[in-house]
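To start, the structure under review is shown below, and the notes come after it.
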Amino acid sequence: MYKTKILKVKQKLIKENKIKKIKDTEAIKTAAEYILNNQLVAFPTETVYGLGANALESEAVNKIFVAKGRPADNPLIVHISNKRQLFKIVKQPISESAHKLIDTFWPGPLTLIFNKRERIPGLTTADLSTVAVRMPSHPVALALIGATELALAAPSANSSGFPSPTQAVHVYNDLNGKIPLIIDGGICNIGVESTVIEIKENKIDILRPGAVTKEMISEVLKDCSTINLVSESEENKPKSPGMKYKHYAPNTPLWIFNKAKLKSLLKDSKINNKNTAIVATTQTAVHLKNKDIKAELIDMGSKDNLAKIAYSLFSILRDLDLREFNLVLIEEVPSKGIGEAIMNRLKKAAIKII
Ligand code: TXA
Ligand code: MG
């Protein structure tokens, strides 16, 4: 058991992107020391909070799996703060397409799969011959990686299977006593995890959709023949081991609903009662306000602003879990742009789609 410490980095430094100054804060100096001593540190990224450890040290990486209760066959993403670090952990050559995507989207929410160098321990990559790498854009993440001069293995800093944390308090609620330190850098801007892709000659597989969308990738790789969003059902053997696990799921049963089905759902008093929460887009919530709704209504934002919905999604699911509803109904959003990532996470979290 640890006594979990939380150290804050000032929002002003984060907003102004003062990476050098952040590096000099007590929070980052302490965090870097922990990492160098093979301890874990939870830290903010632009997507979700990560649980970091020295990616090259099995002893440190093993602590991640223990703290999260993560299955050992689910590999970790390695986080770097400059391009030179990439060449130390992956095998050359790196494809032209990968270079183009890196130059466009790094630092940012895009993870690429490369052939790994031997020095990355098998534990980090679940014994795969590949390694997933990303350069986050959050100044606190960049400052921490820079201060340690190490590549950091960092999955989302939640208990395995639960919704990813987008605030320091979410990390605390899941991992209090299991990790020594959380760096609090406020709320993550994006709110869903990075896009994970694998490049194969002239073909791109999107293993996990995120804020870097299929449209954005095809804009950069105009001559790439196929960009394929890999869905789990198509695959007997998941390409990204994380695909096969139940994910993002709150304790309260979650159903996804389509607006067209809502009327009949609300006629059922076993559903339409005070023990149910309905999470709807603003468009649907407005429409429901004057109706006889016994369930609690929560507005998750306009379907015309899917980035805002992504931003608050995991937070809403976590807050509802603390309130002990019997059932949460959440509205489907359009699967376009970041809506693809939202629906991907919701489908993994839900037990029923109506
Ligand atoms: O935004 C993010 O990516 C966050 C922040 C902290 O950076 N991290 C994150 O890590 O979401 P995690 O461990 O929760 O998800 C990593 C995903 C898993 O689905 C895993 O299976 C996949 O990436 N992955 C990792 N290495 C892989 C590899 N070599 N081949 C295929 N998939 C891989
Ligand atoms: Mg995760």
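Values quoted throughout were computed directly from the atomic coordinates according to the rules given, and no laboratory measurement underlies them. Since the structure is predicted, the reported quantities are computational estimates derived from the model, not experimental observations. Neighbour counts run over all protein chains shown; Cβ positions are idealised from the backbone, glycine included.
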Inset, instruction - Springs between alpha-carbon atoms under 10 Å, Gaussian network over the chain: tell me which of 113, 179, 271 tops the mean-square fluctuations. - result: 271
Inset, instruction - List every residue whose amide H lies under 5 Å from the amide H of residue 117, counting only residues 5 or more places away in sequence or on a different chain, with H placed 1.01 Å from N in the peptide plane. - result: 90, 91
Legend entry - Share, in percent, of DSSP beta bridges within region 1-136 that are antiparallel, nearest 5: 75
Inset, instruction - Ratio to report: Rg/Rh of region 254-353, with Cα atoms as the point set and Rh obtained by the Kirkwood method; give two decimals. - result: 0.93
Legend entry - Inter-label distance for residue 3 and residue 335, nm, one decimal - labels placed 7 Å from Cα along Cα-to-Cβ: 5.0
Inset, instruction - Please report the base-10 log of the normalised intensity I(q)/I(0) for region 1-136, using a Debye sum with one equal scatterer per alpha carbon and no solvent, at each q in 0.09, 0.17, 0.21, 0.22 (1/Å). - result: -0.29, -1.04, -1.41, -1.47
Inset, instruction - Compute from the Cα atoms of region 5-234 the Rg and the Dmax, the latter being the longest Cα-Cα distance, and quote both in angstrom. - result: 16.7, 50
Inset, instruction - Measure nothing fancy, just the Cα-based angle from helix 26-36's long axis to the longest principal axis of the chain, in degrees from 0 to 90, nearest 10. - result: 70
Inset, instruction - Quick one: among 84, 318, 117, which has the greatest mean-square fluctuation in a GNM of the chain with alpha-carbon springs under 10 angstrom? - result: 84
Inset, instruction - Round to the nearest 10 and give me the degree value, 0 to 90, for the angle of helix 306-322's Cα axis relative to the longest principal axis of the chain. - result: 80
Inset, instruction - With springs only between Cα atoms under 10 Å apart, run a GNM on the chain and tell me which of 138, 170, 99 wobbles the most. - result: 99
Inset, instruction - For region 306-354, state which GluC sites (Glu not before Pro) are in a DSSP loop and have at most 13 other beta carbons lying within 10 Å of their beta carbon. - result: 324
Inset, instruction - Taking 7 Å along the Cα-to-C-beta vector as the label spot, tell me the residue 216-residue 16 distance in nanometres, rounded to one decimal. - result: 2.7
Legend entry - DSSP bridge orientation in the chain - percent antiparallel, rounded to nearest 5: 40
Inset, instruction - Output ³J(HN,Hα) for region 130-140: one whole-Hz value per residue in order, computed from phi by the Karplus curve 6.51 cos²θ - 1.76 cosθ + 1.60 with θ = phi - 60°, and x for Gly and Pro. - result: 10, 9, 8, 10, 9, 10, x, 9, 5, x, 5
Legend entry - Computed over the chain: relative contact order in percent, which uses C-alpha pairs under 8 Å that are six or more apart: 19
Inset, instruction - Per DSSP H run of n ≥ 4, the term is -39500 (n - 2.57); total these for the chain, divide by its residue number, and report the mean residue ellipticity at 222 nm rounded to 500 deg cm²/dmol. - result: -9000 deg cm²/dmol
Inset, instruction - At a Cα cut-off below 18 Å, give the lysines reachable from residue 289, other chains included and same-chain residues fewer than 8 away excluded. - result: 259, 261, 263, 267, 274, 303
